[in-house]
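The values are calculated or read from the model by the stated rules, or taken from the named source; none is laboratory data. As the structure is a prediction and not an experimental result, all values here were calculated from the model. Glycine gets a Cβ as well: all are built from the backbone with ideal geometry, and neighbour counts include every protein chain shown.
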Amino acid sequence: MTITREPTTRQRGYHDLARLMSLMTGDEKHSHAATSTLDVLWVLYDRILDVSPQTLDNPARDRFYLSKGHGPMAYYAVLAAKGFLDENLLPGWASYDSPLGYHPDRNLVPGVEISSGSLGHGLPLAVGSALGLRAQGLDSRVVVLVGDAELDEGTNHEAVELAGALGLDNLTVVVVDNRSATYNRPGQIAPRFAHEGWHTVTVDGRDHAALEVALKERTPDHPSVVVAEVEEKYS
Amino acid sequence: MRDPRATFAQTAAQLVDEDLSVALVYAEISGQYFGDVERRHPDRVVNVGIREQLLVSVGAGLALTGMRPIVHTFGSFLVERAFEQLKLGFGHQGVGGVLVGSAGSFDIAAGGRTHQAPGDVPLVDTLPGFRIHVPGHADEVEQLLRTAVAGDGRDYIRVVSQQNDTAFPVRPGHFHVVRRGTQATVLAVGPTLSPVLDAVAGLDVGVLYASTVRPFDSQTLRGVIGTPDVVLVEPYLAGTSARFVDDALLDVPHRLLSLGVRDPELRRYGTAEEHIAAHGLDATGLRASITRFLGDADRAA
């Protein structure tokens, strides 16, 4: 009997994500669709970021920083779909011998650019990396994903102010807004960034075409924020 | 004698000039030294404003792109305020950087507790992989900074105003044998050496000097020790290196006296000298503690 194994580099599509996530959640019906970050992550890796398993060490690659490290199943699923990660690792996630935890670790998982989990660190790190790329004359960009509730952390505001003041146009923040912040008020995220000189756009966080247009945009001398609105977490 | 902090700033500026991979990040503090180099290299010298958590994360973010960051402010804000940024930005990401904290425990004595950071070294010491340097002279500041920046690891350099009378060559990981003696061995860290040497005048004790405490040079300590009595003199929280002394002498019954800052909430202003005396770290206080320790041994014998 011959067992044929799929090469991990085979290109998979969006439709594979449900199956990949179910390897971790054991629930193919609900969890993947309810994951707020799924569509943003897919569009980034499928259509926006100039990075692949072959260019992981290229200094000129685009960087994606998952600041909101919580609930990383969608992230692992997308990395597996794009060949960064062997899908056979997914079922054992969060176990002692697995490189995949509840919060990702860049030292354990190829393709993971930052180790996250404690909220409010990704955007400040991204400001440093955007400065580093600029100082080295590299045109690549840094995209950071934060949650709306994560913006509670004051460190984000230190970073938003400085990035605006320095005009870091190689920096893009995606705020996945599922209104999970306790004191959230609709429509109040983008203006906070705009106030500090950021280019802002608000889109439907499930609309791949709209996300693609918003995420492709770069405005000279201004950092960008894309507020990706999804279903309310607690509705 | 050069000022240690000005020497740090001057050396850091030279390193930015010399090495395109070096970046200097600061948060207003010491800005008086950095104007010229910032104008020459605006992409690699960044003042983040009064944002110390961002300061540390920006340094780590630069390192993630392959640059060698020098990150600087007062130790109180660099380590104590931004501790999780140090832990996660450098240690957990696994990237290198050179963190330079100034003012230490006593420089801004009149500023009160908010500007006194005797906890900086013990806090950094909880993070794996950090080298910790406590230069006792401006010349050592320059050498240590150059050595640290030339490497790729994680380094904390504590720059303070107090200085010893003479500088020692920088050899991270190696203590200097300053003098030998039979009764006890005193390990003087950073700027405590000159007062230690004054304190032990006429006593039959050996003296070691460390401008780098991590890694801890257990081998030299083991090599010179006669009577297994050790006095540790550190210009930050007392006992910070005690477990390393104990580990070095694991198979030898020994005594250890740990001197340093004993009461971080002194609630006093005044001068550095007054604070150093209050913690018993001037020559008079050190001599009293050391002779008492030696006397205890005599009584026990």
Residue count for region A:136-155, restricted to those that are out of contact with any helix residue (DSSP H, G or I) (no Cβ under 8 Å at 6 or more places or on another chain) and within 13 Å of B:G66 (Cβ to Cβ): 3
Helices (runs of 4 or more DSSP H) fully within region B:209-301 counting 3 or more residues that are among the hydroxyl-bearing types (S, T, Y): B:283-300
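Return the residues of region A:126-164 that are among the polar types (S, T, N, Q) and free of Cβ contacts under 8 Å to residues at least 40 places away in the same chain; say none if nothing qualifies.
Scanning region A:126-164 gives A:T155, A:N156.
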So B:G206, is it surrounded by 21 or more Cβ atoms within 10 Å (Cβ to Cβ), over 16 Å from the mean Cα position of the chain (by Cα), modelled with pLDDT of 95 or more and not assigned by TED's automatic domain parsing to the domain that holds B:H137: yes
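Answer yes or no: is there a residue in region A:167-185 that is acidic (D, E), surrounded by fewer than 16 Cβ atoms within 10 Å (Cβ to Cβ) and at pLDDT 95 or above.
No, because not a single residue in region A:167-185 is acidic (D, E), surrounded by fewer than 16 Cβ atoms within 10 Å (Cβ to Cβ) and at pLDDT 95 or above.
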Top-ranked residue in region A:207-235 [being at pLDDT 95 or above and among the acidic types (D, E); ranked as nearest to A:D39 (Cα to Cα)]: A:D207
Residue under evaluation A:S116, criteria (1) part of a loop (DSSP other than H, G, I, E, B); (2) buried (at least 24 other Cβ atoms within 10 Å of the Cβ); (3) over 12 Å from the mean Cα position of the chain (by Cα); (4) among the hydroxyl-bearing types (S, T, Y), criterion not met: (3)
Residue pairs meeting the criteria (Cβ under 9 Å; at least 6 apart or on separate chains; first farther than 13 Å from B:S241 by Cβ, in region B:118-144; second in a loop (DSSP other than H, G, I, E, B) and among the aromatic types (F, W, Y)): B:P118/B:F106; B:G136/B:F168; B:H137/B:F168; B:D139/B:F168; B:E140/B:F168
Filtered residues of region A:110-145 (kept if within 7 Å of chain B (Cβ to nearest Cβ) and either on the phi > 0 side of the Ramachandran plot or of a type in the set (D, E, K, R) (or both)): A:R134
Residue within region B:168-175 that is in contact with an Asp or Glu (Cβ under 8 Å, 6 or more places away or on another chain), not assigned by TED's automatic domain parsing to the domain that holds B:S194 and not in a loop (DSSP other than H, G, I, E, B) present: no
Matching option when the condition is crowded, with 21+ Cβ neighbours inside 10 Å, more than 29 Å from B:M67 (Cβ to Cβ) and of a type in the set (A, V, I, L, M), among B:A109, B:A117: B:A109
Enumeration of residues in region B:117-145 that are in a helix (DSSP H, G or I) and not acidic (D, E): B:V121, B:P122, B:L123, B:V124, B:A138, B:V141, B:Q143, B:L144, B:L145
Subset of region A:189-232 (residues that are within 13 Å of A:V174 (Cβ to Cβ) and part of a helix (DSSP H, G or I)): A:I189, A:A190, A:F193, A:A210, A:L211, A:E212, A:A214, A:L215, A:K216
Any chance A:N107 is surrounded by 19 or more Cβ atoms within 10 Å (Cβ to Cβ) and either of a type in the set (A, V, I, L, M) or within 12 Å of chain B (Cβ to nearest Cβ) (or both): no
Selection count, region A:119-133, where residues are small (G, A, S) and more than 15 Å from the chain's Cα centre (by Cα): 4
Any hit, region B:27-48, residues being more than 17 Å from B:L145 (Cβ to Cβ), within 8 Å of chain A (Cβ to nearest Cβ) and within 25 Å of the chain's Cα centre (by Cα): yes
In region B:57-81, the residues that are closer than 27 Å to B:E265 by Cα and either small (G, A, S) or within 8 Å of chain A (Cβ to nearest Cβ) (or both): B:G75, B:S76
